[in-house]
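*Asks:* Let me give you the structure first, and then I'll get to my questions.
Any read-out appearing in this document is the output of simple, stated calculations on the displayed coordinates, not a laboratory observation. Worth saying up front: this structure is predicted, and the values here are computed from it rather than measured. FYI the Cβ positions are ideal-geometry reconstructions off the backbone, even for glycines, and counts take in every protein chain you see.
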Amino acid sequence: MYYPYFRGKQFELIVIREQAALMAEHSITPIIEPVRESFVALTKALDALREAECPFILIANPQCGDLVGDTGPLRDEILGDLLEGWNFCCQGHLVTGETSSNEIEALESNFEIVFIHDGIPDSATRAEIAKKGSRHIFIEDSTSALYRRHFQNQDRILIRDAFIPRKNREYPETEHFSDLHLTYDEVSPQGFGDYLMIDKLYSDSGGPAHAVAIHLTFIDPEENDMFIHHYVSDDVHTPVNPGGKFLQALDRLHADVTPPTLILQTQAVEEFLGLQETGHFPGLGYVKKLSMQHHIELMAGFLGGQ
């Protein structure tokens, strides 16, 4: 039902590894686009998914990161050797406006092929895709309702890029995140997804942090609509002292998540509070990891309550 889209960077893969059992329990199917030449962290995440018997979709033709144009090792070492015989793995194939009908016709796999549409190809390619697969995932902002209608007799999932990236100091205190968890069945009856706290536009590294921001999604219980709260440090003027800025943002988080609160008391929130108590700064990558973990826990809670 819920399909979170992960890029295969270090902390995204740690989230998958640590939350595999929770995702399996709540019908959460992660989509993984590998972006690193080394498969060590990816293998650990996939092993955790196998142990939890959690279905997942592994993209075989990444469009960003180290593997663009060189997917042979991914197909041989991961989709070939490692995943051989895994019946809960699906092979994802990214479709763009440049995808050709010959490319689709040549596709072969020992797994179910799931097409992830991140663009609109020509009509010949579209027809070949419709013959080749029965499950289709559409990136909302790069496909049209008319294009998606061509696949209305097949399984359809819609992915929304719900996180609005800004400079950290420019985030508002609270803003709307997504209502797709409530409305997806109107346009994509089989499921929905998002990019969690990472927007669709891929970036391999960030610049200096003039401010530190912590992002936590929450559901308004009155309407079940989803919002996101941004806890921004007080110091936003210089790119120094990220640890001190993190503690400033944590102080804001602590004041807001103390009951009564709309923020679900997830394990990620508990870890944030533990970091505030000890004054420890684990690094900005780990901070983002906890925000993503919180979102997965929030979605699991929502799906479990339906």
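*Asks:* Hey, what did the chain get for relative contact order, percent, Cα under 8 Å, at least 6 apart?
*Replies:* Computed value for the chain: 15 percent relative contact order.
*Asks:* Under the Karplus relation 6.51 cos²θ - 1.76 cosθ + 1.60, θ = phi - 60°, what is the ordered set of whole-Hz ³J(HN,Hα) values for the range 273-288, x standing for Gly and Pro?
*Replies:* 5, x, 5, 5, 5, 8, x, 8, 10, x, x, 5, x, 5, 4, 5
*Asks:* Separation of the range 213-263 and the range 57-111 by C-alpha centroid, Å?
*Replies:* For the range 213-263 versus the range 57-111, the Cα centre distance is 38 Å.
*Asks:* Show me, for the range 158-172, the HN-Hα J-couplings you get by feeding each phi into the Karplus relation (A = 6.51, B = -1.76, C = 1.60, θ = phi - 60°), rounded to Hz, glycine and proline as x.
*Replies:* Running phi through 6.51 cos²θ - 1.76 cosθ + 1.60 with θ = phi - 60° gives 10, 10, 10, 7, 8, 8, 9, x, 9, 5, 3, 5, 9, 5, x Hz.
*Asks:* Quick one: if the Förster radius is 45 Å, what FRET efficiency do Ser134 and Val40 give, using the C-beta to C-beta distance and rounding to 0.05?
*Replies:* 0.85
*Asks:* Stretch Val187-Arg169 to full length: gain in nm at 0.36 nm per residue minus the Cα-Cα span?
*Replies:* Taking Val187 through Arg169 to full extension adds about 3.0 nm, to one decimal.
*Asks:* Which value, in debye to the nearest 20, gives the size of the charge dipole of the chain about its Cα centre, when Lys and Arg are +1 and Asp and Glu are -1 at the Cβ?
*Replies:* 300
*Asks:* Can you sort Leu42, Leu303 so the residue with the fewest Cβ neighbours within 10 Å comes first?
*Replies:* Leu303, Leu42
*Asks:* Still on this structure, I have one more. Excluding Ser203 itself, what net charge comes from residues whose Cβ is under 11 Å from its Cβ, given Lys and Arg +1 and Asp and Glu -1?
*Replies:* Local charge sum for Ser203: +1.
*Asks:* If you don't mind, there's one more thing I want to ask. In the range 132-175, whose amide N lies under 20 Å from the spot 7 Å out along Cα-to-Cβ of Thr238? List them in ranges.
*Replies:* Residues passing the 20 Å test: 168-170.
*Asks:* Right, here's the next one. Can you count the Lys pairs in the chain whose Cα atoms are under 30 Å apart, with each pair 8 or more apart or on different chains?
*Replies:* Number of lysine pairs found: 21.
*Asks:* Now for a different question. What is the gain in length, in nm to one decimal, between Leu303 and Glu98 on full extension, counting 0.36 nm per residue of separation less the C-alpha to C-alpha distance?
*Replies:* Roughly 70.2 nm would be gained on extension.
*Asks:* Same structure again: What list do you get for Glu140, Glu108, Glu53 if you sort them by fewest beta carbons within 10 Å?
*Replies:* Glu108, Glu53, Glu140
*Asks:* Something else about it: Please order Tyr231, Tyr171 by the number of other Cβ within 10 Å, starting at the fewest.
*Replies:* Tyr171, Tyr231
*Asks:* In the chain, what percentage of the DSSP-assigned beta bridges are antiparallel, given to the nearest 5?
*Replies:* Percent antiparallel among DSSP bridges in the chain is about 25.
*Asks:* Oh, and also: Just from its helices, what would the mean residue ellipticity at 222 nm be for the chain, if runs of 4 or more DSSP H residues each count -39500 (n - 2.57) and the sum is divided by every residue, rounded to the nearest 500 deg cm²/dmol?
*Replies:* -10000 deg cm²/dmol
*Asks:* Quick one: angle between helix 40-52 and the longest Cα principal axis of the chain, in degrees between 0 and 90, rounded to 10, please.
*Replies:* With both axes taken from Cα atoms, the answer is about 80 degrees.
*Asks:* Over the range 1-160, how many percent of alpha carbon pairs lie in each 5 Å bin up to the one with the longest distance?
*Replies:* Binned Cα distances yield the sequence 2, 9, 19, 22, 21, 15, 9, 3, 0.
*Asks:* Between His254 and Ser109, what is the spin-label point distance in nm, taking each point 7 Å from the Cα along the Cα→C-beta axis?
*Replies:* The modelled label-to-label distance comes out at 4.7 nm.
*Asks:* Which FRET efficiency value, to the nearest 0.05, is calculated for Asp225 and Asp204 with the Förster distance at 30 angstrom and r the Cβ-Cβ distance?
*Replies:* Efficiency at R0 = 30 Å is approximately 0.35.
*Asks:* How much net charge surrounds Glu103 when only other residues with a Cβ under 11 Å from its Cβ are counted (Lys, Arg +1; Asp, Glu -1)?
*Replies:* With Lys, Arg at +1 and Asp, Glu at -1, the neighbours total -2.
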